[in-house]
Every structure is written in C-alpha cells, then in structure tokens.
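Before any comments, here is the structure.
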Amino acid sequence: MDPVLKVTDLSKSFSRAGKKDFFAVDHVSFALMSGEILGIVGESGSGKSTIAKLITRLIDATGGKIEIEGQDITGLKGREMIPVYGKVQMVFQTPKGSFDPRRTLGDGICESLRNQGVPKAEREAKARALLEQCGLPGEFLERYPHQVSGGQCQRAAIARALMCDPKILILDEATSSLDVTVQKQIMELLQELQQKKELAYLFICHNLALVQQFCDRVIVLWDGKIVEQGLPDDVILRPKSEYAKRLVEAVF
Amino acid sequence: MNRPVTVRVQKVKKNRIRTRLFFFLFLAVILVLVSFFADQIVPYDPYAQDLGLSRQPPSPAHFMGTDQYGRDVFSRVVVGAKASVFSTLVLVCVTSVFGTVTGTLCGYFGREIDSVVMRISDVCLAFPGLVFALAIAALLGGGMSNAVIALAVISWPKYARVARGQTLALKNSDFVAAAKLAGDNSAQMILRHILPNILGPILVTAMLDIGTMMMELAGLSFLGLGAQPPVAEWGNMMSGGRSMLQTYPWLVLSPGVAIFLTVVTFNLLGDTVRDYMDPKNSGS
C-alpha cells in the first residue's frame, strides 16, 4: 500500500548567535499509510507539535521533504496549498482557541467549503449532518465558542476538519485539554469516524495509555529525533531505547 | 453562595455602565448635531460686524456678549463647533482607519514592509507630538485642513502600534491556523478574522483620542496655524480675545467653556466605551 503521507529527513532548525543551530525537528522520516493510526509520543518540547505544523505548512521546514499522496508539498506557496488542505486537516489542542470568538461554530465549520464556493444551503446541510455524526445537535451551528463546553467545541472542531473530506487528520493533542470522561467519548468518536471514512490519523499525544489503546504504530520522539518506533505494545512494554524506557517508567 | 452575588453585582455594574454610555453618547450626538446644523441654529450672522455694538457684555439679546467687531459670540461659538467637532471627527476617523490598516498589514505580513513602516512610525513618535505638528502645520501654511493633516501625521502611529500588536498576537492563535487550513487567503483572513477581533481596542483608542485631538486642533488654531480669521473656530476665538481677558472675559471664556465641555464629554464617552468593552465588566 502506498503511504498517504511520507516525510523524509524533515528538519526545522533555528539559528542561534554564536552557537550551533538548534534543531526543533531533526531529520525525522516516517510514513503514514492509508487508514492507519500513527501515534507520536514524547515529552513537551520534543518537537511533536512542530511536526504537525510543518506538515500543514503553518511553518516552513528548513530541510527535508513532505509528500502527500506522492505530491511534494514542501515548497508550495499560498494558493497552491489550498487543494492540499482538502486532503490534510488538523484538530487543535485547545478546542475553544481554534474557533474565532466572534463567529459562530457554523461559520468556522463551513469556512473551507465557503472558500471553495459551495452554495450556502449545501454547505450548511453538510455541516449539520457532520455535526450530528460527531454527536452534536444541528443547532450548535448557531452557537458561539464561548457558549459551548470544551468537549462540545472539540466535536465541532472534528466536524470542521472533516468538512472537506480529508484523507489525513492530524490530531495535535486533541484530547489533552479535556477531562477523562470526555476524552474517552472523543476517542470513541474518532475511532468510529476513522473506520467509517477510512481516515489516516497522525495522533500526537503524550498519554501513553491512550496511544497503546488507539494506535497501530507509534513513534517516540525525543529532542527532535525519532528514538524508537514500532507497534505500541512493543514500544511501551518492551522499550529498547534509553529514553523510551524512562518515558514508560515515568508513567507506569 | 458566593457566585450569584458576584454575578448580580456584575450585572448592576454593567447596567450602570450602559446608562452612563447612553448618557454620554446622547451628549456627544447633540454636539455632533449642533456642529452639523450650526448654520441653521445661530440667532445672528456670526460674521456680521456692527462696531456700534462692540464688546457688549452678556445680555438677553447676546447672551455670550459680542466681540470687538460687534459679532455675536454665541453665534460664533455655535459655528465654531462646526470647525472644531467636525474637523476632529474627520481627523480621528482618517487617522484611525489609516493607522489600523497599516498596522494590521505590518503585523500580518511582517518582514520588510513591517520594518520600514514601523521605523517611519518611530520617527513620527520620536518628536514631541505637538511640536512636530506645529512644524508640519507651519511648513504647509495655515488653514484648518493643513492643521488636520499635521495632526494626522503625528497621530496615526498610535493606531498602527495597537493594530500591529493585536495582529501579531492573533496571528499565532489556533483559530487563525484553522482558517488557514480552511483555505483562507490573506485578504479573507484579515477581513474575517483579524479585523473584527482587534476592532475593540482600536475603537477605544479612537474614542479617547477625540478629546485630545480637539484640544490640539484648537491649540494649533490658537497659535495661528489652524483656522484663519475671520473663520470662527474656538481656538482662534480665544486667541483673538486673549489680550482682553481681564476686561472682556466673555470673549475668551465662551469658546473656552465650549472646548472644555466638548472635550470632557468625548473623554468621558471614551472612558465609558472602554469600561463597556472591558470583558471584566461583562455580566453575562
């Protein structure tokens, strides 16, 4: 099977006066297969979120290559990225922060289709249907972010990400700011959607238990480098690298 | 037990602010209306001279008296509102729009434009405001429109700074990233997401600026760099009567009180708008 997302030697470095460059992401390579859930774990500052931002081109890579369905997107600019955003979408860590406080959830959810020129009635019907799939009543389209709870907002964010039928969903700590019961519901929703729509997930997380339960494969990131990768059970129960051992010990 | 009380206190506070807002808004609207319909309101022709009636003290016929050429001071104060209030509003509108647009663009696009424009604004801010305005007004020659231009040059950086700072803060927020992922181009991003979210602080700055600008405009006129005689404008009316302050105080006091009341009204309106916009005071 061909990978939907392939990252080769991806790097992001910052130059520092008088010192060697600092690598936030240091020559990272991995591939995400169609319909696969790939977990990325690591402590704060290990470069997890930077990878998410690099793949979505919110920041520019300083080296390496990002391919989505065989297309090299590393050097695409502005307008050229728009079709790519139809394939990759992201769910952010802070549900409320990812919606414009002055616009309704519906505005935010429909924005991608609005930019594609889909008529209002059509895109709203789709948003309503997706919102219901994500477990929220259609009236939530009219609500403002401050009028809904964190969990509800995150469901809306998932609906928004699915509006343009992406192949890849990047979940950047998507459940970290939610309490455990809501977290469980969101995970169940994500699992259900993944099977129904054959999505590939890049699941960025620092909760090892969640990764073990949820992911097909896992990458352990430390100091911007991949220190270990494999099946979640192998990595978590039988860690080989020094850092993965420490990470696991810290949790269990 | 604690929460409902706080909520109620907040609500009362919010209502009080709203009452205050409507009160000052009402006063401000009256002032603006007076300045718009000044020509219809005045009891006498503000420019008609009658030397036989010169320097009359306040009386039922001329309740702010007459000036050295026998012109009715009240009529001149009312017509002066046209110059003062109207010019100030134009000035504040133009500078706030220009400053906001440049600041937002600088904050959003960054790089070279940002450095260049911000250095220009540094230059404008480096000189003491009114002195710089004096220099520009003197360079351009007298006249109300030149005074407005001079003050515009010194006051736009303030808005550019506020807009730029707010834009920079928003640029890194998740909802802007999400909008980018939704395929927004720069224009859509700025118009839909950035501007609506930074408008609050800009509006407050503009409201608080009205009073200051009015004073500075009157100041320039007082010094002879704004409205030129015989045009009735509060600043140059005060300047014209200055030498007679001891003997015919109404010549200076009438326009002075007009400036005072107008500036106080707009400043308090600005304060109230700021309180009203402050999320800490929102009772919902």
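The values are calculated or read from the model by the stated rules, or taken from the named source; none is laboratory data. Fair warning: this is a prediction, and the values are worked out from it, not measured in the lab. Every residue, glycine among them, receives a Cβ derived from its backbone with ideal geometry; neighbour counts consider all protein chains shown. Side chains included, ligands, DNA and RNA excluded: accessible areas come from the protein's heavy atoms. Shrake-Rupley method; radii C 1.70, N 1.55, O 1.52, S 1.80 Å.
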* Solvent-accessible area per residue, Å², over region A:99-164 with all protein chains present [probe radius 1.4 Å] -> 42 Å²
* Relative counts (whole %) of C-alpha pair distances in region B:2-281, using bins that are 10 Å wide -> 7, 23, 26, 22, 13, 6, 2, 0
* Quick one: helix A:105-115 against the long Cα principal axis of chain A, what's the angle to the nearest 10°, folded into 0 to 90? -> 80 degrees
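If the limit is 32 Å between Cα atoms, which of A:K48/B:K158; A:K197/B:K180; A:K96/B:K14; B:K14/B:K82 go over it?
A:K48/B:K158; B:K14/B:K82
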* Distance between Cα centroids, region A:138-200 to region B:82-158: provide it in whole Å. => 47 Å
* To do: Note down the accessible area of B:I190, probe 1.4 Å, to the nearest 10 Å².
  => 20 Å²
* Shape of region B:121-173 from its Cα gyration tensor (a ≥ b ≥ c, root eigenvalues): rounded if a/c is under 1.5, otherwise prolate when a/b > b/c, or oblate? -> prolate
* To do: In nm, give the distance between the simple-model label positions of B:V32 and A:R238, each being 7 Å from the Cα along the Cα-to-Cβ direction.
  => 7.7 nm
* region B:9-127, relative contact order in percent, only Cα pairs under 8 angstrom and at least six apart counted -> 19 percent
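So what's the protein assembly as shown giving for Cα Rg divided by 2.2 N^0.38 Å, two decimals?
My calculation over the Cα atoms of the protein assembly as shown gives 1.32.
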* Asked: If you find the alpha carbon centre of region B:213-284 and of region A:6-81, how far apart are they in angstrom?
  -> 59 Å
* To do: Give, rounded to the nearest 20 debye, the magnitude of the charge dipole that the protein assembly as shown has about its Cα centre when Lys and Arg contribute +1 at Cβ and Asp and Glu contribute -1 at Cβ.
  => 820 debye
* Sticking with the crude label model, points 7 Å out along Cα→Cβ, report the distance from A:S34 to B:F109 in nm, one decimal please. => 4.2 nm
* How big is the accessible area of A:T181 in square angstrom, nearest 10, if you roll a 1.4 angstrom probe over the protein chains? -> 90 Å²
* Based solely on its DSSP helices, what 222 nm [θ] is calculated for chain A when runs of n ≥ 4 H residues each add -39,500 (n - 2.57) and the sum is averaged over all residues, nearest 500 deg cm²/dmol? -> -10500 deg cm²/dmol
* Asked: Once both labels are modelled 7 Å past Cα along the beta-carbon direction, what's the B:D45-B:R119 spacing in nm?
  -> 5.7 nm
* To do: Please return the longest stretch of chain A lacking exposed loop sites, where GluC sites (Glu not before Pro) count only if DSSP places them in a loop and at most 16 other Cβ atoms lie within 10 Å.
  => A:70-197
* To do: Answer rounded, prolate or oblate for region B:175-284, using the Cα gyration tensor with square roots of eigenvalues a ≥ b ≥ c: rounded when a/c is under 1.5, else prolate when a/b is larger than b/c, else oblate.
  => oblate
* Structure fact -> Filtering chain B for DSSP H helices with an axial alpha carbon extent of at least 27 Å and a Kyte-Doolittle mean of at least 0.0 returns B:2-36, B:87-109, B:144-171, B:195-222, B:250-277
* Asked: Given a Förster distance of 60 angstrom, what is the FRET efficiency for A:D216 paired with B:R18, based on the Cβ-Cβ distance and rounded to 0.05?
  -> 0.60
* Backbone N within region A:216-235 under 18 Å of label point (7 Å from A:K19 Cα along the Cβ vector) -> A:223-225
* 10 Å Cβ neighbours from other chains, averaged over peptide A:97-104 -> 6
* Given charges at Cβ of Lys, Arg, Asp, Glu: the protein assembly as shown dipole, positive-most of A:G230, B:L199, A:P119 -> B:L199
* Asked: How much length, in nm to one decimal, is gained on full extension between B:A138 and B:L53, taken as 0.36 nm per residue of separation minus their Cα-Cα distance?
  -> 27.1 nm
* Sort out the exposed loop trypsin sites (Lys or Arg not before Pro) in chain A (DSSP loop, at most 16 other Cβ within 10 Å) and tell me the longest stretch that has none. => A:103-239
* Structure fact -> Residues whose built amide H sits under 5 Å from the amide H of A:L5, excluding neighbours closer than 5 in sequence, are A:L32, A:E69
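For region A:91-232, give the magnitude of the charge dipole about the Cα centre (Cβ charges: +1 Lys/Arg, -1 Asp/Glu; no others), in debye to the nearest 20. Working shown, then result.
Working: 17 positive and 18 negative charges, 64 e Å.
The dipole of region A:91-232 has a size of about 300 debye.
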* With a/c under 1.5 counting as rounded, go ahead and sort region A:99-164 into rounded, prolate or oblate using the C-alpha gyration tensor (a ≥ b ≥ c being the square roots of the eigenvalues; past the cut-off, prolate if a/b is larger than b/c, else oblate). => prolate
* Shielding by partners for A:53-63, please: the mean number of other protein chain Cβ atoms within 10 Å of each residue's Cβ. => 1
* To do: Using the Cα centre as the reference, give the magnitude of the dipole from point charges on the C-beta atoms of region B:2-281 (Lys, Arg: +1; Asp, Glu: -1; all else neutral), rounded to the nearest 20 debye.
  => 1240 debye
